[in-house]
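The values are calculated or read from the model by the stated rules, or taken from the named source; none is laboratory data. Being a predicted model, the structure only gives us computed values, none of them experimental. Note that we place each Cβ from the backbone using ideal geometry, even for glycine, and neighbour counts take in every protein chain shown. Just the protein is used for accessible areas: all its heavy atoms, side chains included, with ligands, DNA and RNA removed. Shrake-Rupley method; radii C 1.70, N 1.55, O 1.52, S 1.80 Å.
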Amino acid sequence: MKALVLAGGYPQIALIQELKRRGMTVLLADYNEAPVAKPYADKYYQVSTLDVAAVTEVAKQEKVDFLITACTDQALLTVAQVSEALGLPCYIDYQTALNVTNKSYMKEVFWKNGISTARYMVAAELSEEIINSFRYPCIVKPVDCNSSKGVKKVYSREELEEAFRMAVHYSRTNTAIVEEFIQGPEITVDVQVENGKAYVLSKAYSDKIPDEDKFVIYRTRYPIMEKDSVHEQIQKTAQQITDAFGLRDSMMLIQMICDGERIYVLEFSARTGGGVKYQLIKRVSGFDVIQAVVDLTLQKKPRVEIQPPETKFISNVFLYCKIGVFDRLEGFEELKQEGVITEYFLFKWKGAQMTGTSSSGDRIAGFTVQADTLEQLQENYNTAITRVKALDVEGNDILRHELLAPLVY
């Protein structure tokens with residue numbers, strides 16, 4: 001069989017390896033010249049995953065048996081659309097994929113089905129009604145974008161106007177959403193839906209960089225330390241979303257805010273969390289979501305059997321750089337050999353131009369620390385963040401160490 005994988009990021013490496021393990025020929029499409037997954041594929045096409053016509057042409061030309069992706073929203077939408085047009089298998093139909101990548105439609109379904117979410121308004125133009133409807137701060141975001149692109153917290157009318165223009169710019173439909181701000185930690189919940197039943201695989205905190213108006217994730221922390229009633233709400237909400245969107249067999253990522261008593265759904269996707277969330281899920285539940293997405297695409301139903309976590313505490317840490325040309329990492333392999341970190345990951349390639357820290361797509365690398373006590377976890381984390389480096393072509397460390405806040409609960 002021949003598979004066409006869309007997007008060439010770190011999660012797609014695991015996806016390509018899984019497909020090859022099953023004896024398949026693997027093609028890869030991505031808009032970058034040298035994405036990190038490129039060396040793992042049998043053939044590479046430099047094609048944007050958002051270019052439906054170009055992806056369709058590749059699929060036809062290569063006579064692929066199916067298209068597939070993992071851990072990304074927009075590529076999943078293209079996979080669903082092209083698969084439906086060509087009569088190829090996909091675990092989600094195009095209309096459902098479209099619905100779950102549109103925040104406006106999503107919010108409407110939440111309200112109609114009693115799913116707790118923040119108050120919001122959607123528009124293509126900023127009106128006095130919107131400006132006067134919200135207390136500051138509030139959140140502005142594109143209705144159909146991921147990786148925190150165009151998402152901003154604003155404190156005044158002037159900031160709202162600028163953020164709204166930026167959100168509309170990032171939106172493919174030139175539409176933005178404004179919603180009330182809810183104070184509390186963000187929780188990401190990964191779910192596997194089997195025969196319409198939602199199984200919660202992982203619940204973790206998402207820590208954002210210390211920047212008041214941006215929402216860029218730099219760390220995830222497992223487990224979450226919340227009341228039993230909050231855990232019950234999470235399970236109930238996962239099932240409500242499953243029912244409301246008619247999901248039967250699918251993976252699902254839900255992003256929530258918890259104010260200590262109640263959870264509020266920010267948004268959700270019919271996919272696994274990005275970055276290396278697939279690894280965290282396996283470490284805490286034993287469930288392999290990469291295998292699952294392949295099985296579902298091939299119309300096989302994976303069975304959810306949740307296992308105990310490897311350790312009591314696990315954290316994935318994501319690293320960002322100053323502006324420069326990336327050359328190589330330093331210190332990571334030694335830390336892994338010493339047992340300080342469990343694993344590390346490279347998200348960019350040698351020669352990549354680093355342009356700042358505006359979204360999760362700007363992360364350069366990351367690592368995992370884990371332990372059975374919080375004290376040991378903190379010790380491993382503190383050791384790692386002082387020794388890791390990302391060097392530019394002149395040998396300078398361009399890693400933004402100042403973004404790495406203490407790991408506390």
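Determine if segment 272-279 includes at least one residue that is closer than 14 Å to Glu186 by Cα and aromatic (Phe, Trp, Tyr).
Checked against the condition, which is being closer than 14 Å to Glu186 by Cα and aromatic (Phe, Trp, Tyr), segment 272-279 yields no hits at all.
Say we look at segment 300-339 and pick out the residues that are among the aliphatic types (A, V, I, L, M) and more than 19 Å from Arg387 (Cα to Cα); which of these is surrounded by the most Cβ atoms within 10 Å (Cβ to Cβ)? Working first, answer last.
Quick first cut of segment 300-339, residues among the aliphatic types (A, V, I, L, M) only: 304, 306, 314, 317, 319, 323, 325, 329, 335.
Imposing the further condition that a residue be more than 19 Å from Arg387 (Cα to Cα) reduces the set to 304, 306, 314, 323, 325.
Working: Val304: 19, Ile306: 14, Ile314: 23, Ile323: 11, Val325: 14.
Restricting to residues being among the aliphatic types (A, V, I, L, M) and more than 19 Å from Arg387 (Cα to Cα), the top hit is Ile314.
Show the residue pairs meeting these rules: Cβ distance below 6 Å; 6+ apart or different chains; first residue within segment 32-55 and farther than 17 Å from Ile13 by Cβ and in contact (Cβ under 8 Å) with a residue 12 or more places away in the chain; second residue in a loop (DSSP other than H, G, I, E, B) and open to solvent by 80 Å² or more (accessible area, probe 1.4 Å).
Ser48/Tyr31
(1) among the β-branched types (Val, Ile, Thr); (2) open to solvent by less than 20 Å² (accessible area, probe 1.4 Å); (3) more than 17 Å from Gln239 (Cα to Cα): which one isn't true of Val122, the others all being true?
(2)
In segment 169-176, is there at least one residue being under 24 Å from Thr242 (Cα atoms), small (Gly, Ala, Ser) and at pLDDT below 90?
Filtering segment 169-176 down to residues under 24 Å from Thr242 (Cα atoms) leaves none.
No; the residues of segment 169-176 include none that is under 24 Å from Thr242 (Cα atoms), small (Gly, Ala, Ser) and at pLDDT below 90.
Report, by residue number, each residue of segment 292-310 that is outside any loop (DSSP other than H, G, I, E, B) and either on the phi > 0 side of the Ramachandran plot or of a type outside the set (Val, Ile, Thr) (or both). I'd like the intermediate steps shown before the answer.
The initial filter retains those residues of segment 292-310 that are outside any loop (DSSP other than H, G, I, E, B), namely 292-297.
Within segment 292-310, Ala292, Asp295, Leu296 meet the criteria.
Restricting attention to segment 365-386, which residues are crowded, with 21+ Cβ neighbours inside 10 Å and assigned to a loop (DSSP other than H, G, I, E, B)?
Within segment 365-386, the subset crowded, with 21+ Cβ neighbours inside 10 Å is 365-370, 377, 380-381, 384.
The answer is none; no residue qualifies.
Looking at Glu57, Glu18, Glu33, Glu62 in this structure, which one is farther than 21 Å from Ala176 by Cα, in contact with a helix residue (DSSP H, G or I) (Cβ under 8 Å, 6 or more places away or on another chain) and not hydroxyl-bearing (Ser, Thr, Tyr)?
Details: Glu57 fails: in contact with a helix residue (DSSP H, G or I) (Cβ under 8 Å, 6 or more places away or on another chain); Glu33 fails: in contact with a helix residue (DSSP H, G or I) (Cβ under 8 Å, 6 or more places away or on another chain); Glu62 fails: in contact with a helix residue (DSSP H, G or I) (Cβ under 8 Å, 6 or more places away or on another chain).
After ruling out the rest, the residue left standing is Glu18.
Residue by residue, here is whether (1) assigned to a loop (DSSP other than H, G, I, E, B); (2) in contact (Cβ under 8 Å) with a residue 40 or more places away in the chain; (3) open to solvent by 30 Å² or more (accessible area, probe 1.4 Å); (4) touching a Gly at 6+ places or on another chain (Cβ under 9 Å) holds:
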{"residue": "Thr237", "(1), (2), (3), (4)": "no, yes, no, no"}
{"residue": "Leu247", "(1), (2), (3), (4)": "yes, yes, no, yes"}
{"residue": "Tyr264", "(1), (2), (3), (4)": "no, yes, yes, yes"}
{"residue": "Gly275", "(1), (2), (3), (4)": "yes, yes, no, yes"}
{"residue": "Ile281", "(1), (2), (3), (4)": "no, yes, no, yes"}
{"residue": "Ile290", "(1), (2), (3), (4)": "no, yes, no, no"}
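Within segment 82-120, which residues are among the aromatic types (Phe, Trp, Tyr) and touching a helix residue (DSSP H, G or I) at 6+ places or on another chain (Cβ under 7 Å)?
Pass one, segment 82-120, residues among the aromatic types (Phe, Trp, Tyr): 91, 94, 105, 110-111, 120.
Passing the criteria: Tyr91, Tyr94, Tyr105, Tyr120.
Looking at segment 120-132, which of the residues that are in contact (Cβ under 8 Å) with a residue 24 or more places away in the chain and outside any loop (DSSP other than H, G, I, E, B) is nearest to Glu159 (Cα to Cα)?
To start, the set of residues in segment 120-132 that are in contact (Cβ under 8 Å) with a residue 24 or more places away in the chain comprises 120-124, 126, 130-131.
Still in the running and outside any loop (DSSP other than H, G, I, E, B): 120-123, 130-131.
Working: Tyr120: 17, Met121: 17, Val122: 17, Ala123: 17, Ile130: 13, Ile131: 11 Å.
Per the criteria, the residue is Ile131.
Are there any pairs with C-beta distances below 7 angstrom linking a residue in segment 346-359 that is closer than 19 Å to Val216 by Cα to a residue that is modelled with pLDDT under 85 and open to solvent by less than 60 Å² (accessible area, probe 1.4 Å), with the two at least 6 apart or on different chains, and if so which?
Short answer, once both residue conditions are applied: Ser359/Ser147; Ser359/Ser148.
Where residues in segment 387-409 are assigned to a loop (DSSP other than H, G, I, E, B) and of a type in the set (D, E, K, R), which of them is farthest from Gly324 (Cα to Cα)? Working first, answer last.
At the first step, the residues of segment 387-409 found to be assigned to a loop (DSSP other than H, G, I, E, B) are 388, 393-396, 398, 400, 404-409.
Next, only the ones that are of a type in the set (D, E, K, R) stay: 394, 400.
On the way: Glu394: 10, Arg400: 12 Å.
Taking the candidates together, the pick is Arg400.
Going through segment 208-223 one residue at a time, which ones are modelled with pLDDT of 95 or more and surrounded by fewer than 19 Cβ atoms within 10 Å (Cβ to Cβ)?
Pro223
Which condition number does Leu329 fail, the rest of (1) more than 17 Å from Ala204 (Cα to Cα); (2) part of a helix (DSSP H, G or I) being met?
(2)
List the residue pairs whose Cβ atoms are under 6 Å apart, where the first residue sits in segment 74-85 and is under 25 Å from Lys149 (Cα atoms), the second is open to solvent by 20 Å² or more (accessible area, probe 1.4 Å) and basic (Lys, Arg), and the two are 6 or more positions apart or on different chains.
Leu76/Arg271
In segment 189-204, which residues are open to solvent by 10 Å² or more (accessible area, probe 1.4 Å) and either touching a strand residue (DSSP E or B) at 6+ places or on another chain (Cβ under 8 Å) or within 20 Å of His401 (Cα to Cα) (or both)?
Listed by number, the residues that qualify are Tyr199, Val200, Leu201, Lys203.
Residue by residue, here is whether (1) closer than 30 Å to Leu296 by Cβ; (2) in contact with a strand residue (DSSP E or B) (Cβ under 8 Å, 6 or more places away or on another chain); (3) small (Gly, Ala, Ser) holds:
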| site | (1), (2), (3) |
| --- | --- |
| Arg157 | no, no, no |
| Ala167 | no, yes, yes |
| Glu180 | no, yes, no |
| Ile209 | no, yes, no |
| Val230 | yes, yes, no |
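Which residues, taken from segment 103-119, are within 25 Å of Glu158 (Cα to Cα), open to solvent by 20 Å² or more (accessible area, probe 1.4 Å) and either hydrophobic (A, V, I, L, M, F, W, C) or at pLDDT below 85 (or both)? Steps first, please.
Filtering segment 103-119 down to residues within 25 Å of Glu158 (Cα to Cα) leaves 103-104, 118-119.
Now narrow it down to the ones that are open to solvent by 20 Å² or more (accessible area, probe 1.4 Å): 104, 119.
The answer is Ser104, and nothing else.
Can you name every residue in segment 177-206 that is over 22 Å from Val289 (Cβ atoms), touching a residue at least 60 places away in the same chain (Cβ under 8 Å) and assigned to a strand (DSSP E or B)?
Of segment 177-206, the ones over 22 Å from Val289 (Cβ atoms) are 177-185.
This time we only want the ones that are touching a residue at least 60 places away in the same chain (Cβ under 8 Å), so: 177, 179-185.
Residues satisfying the conditions are Ile177, Glu179, Glu180.
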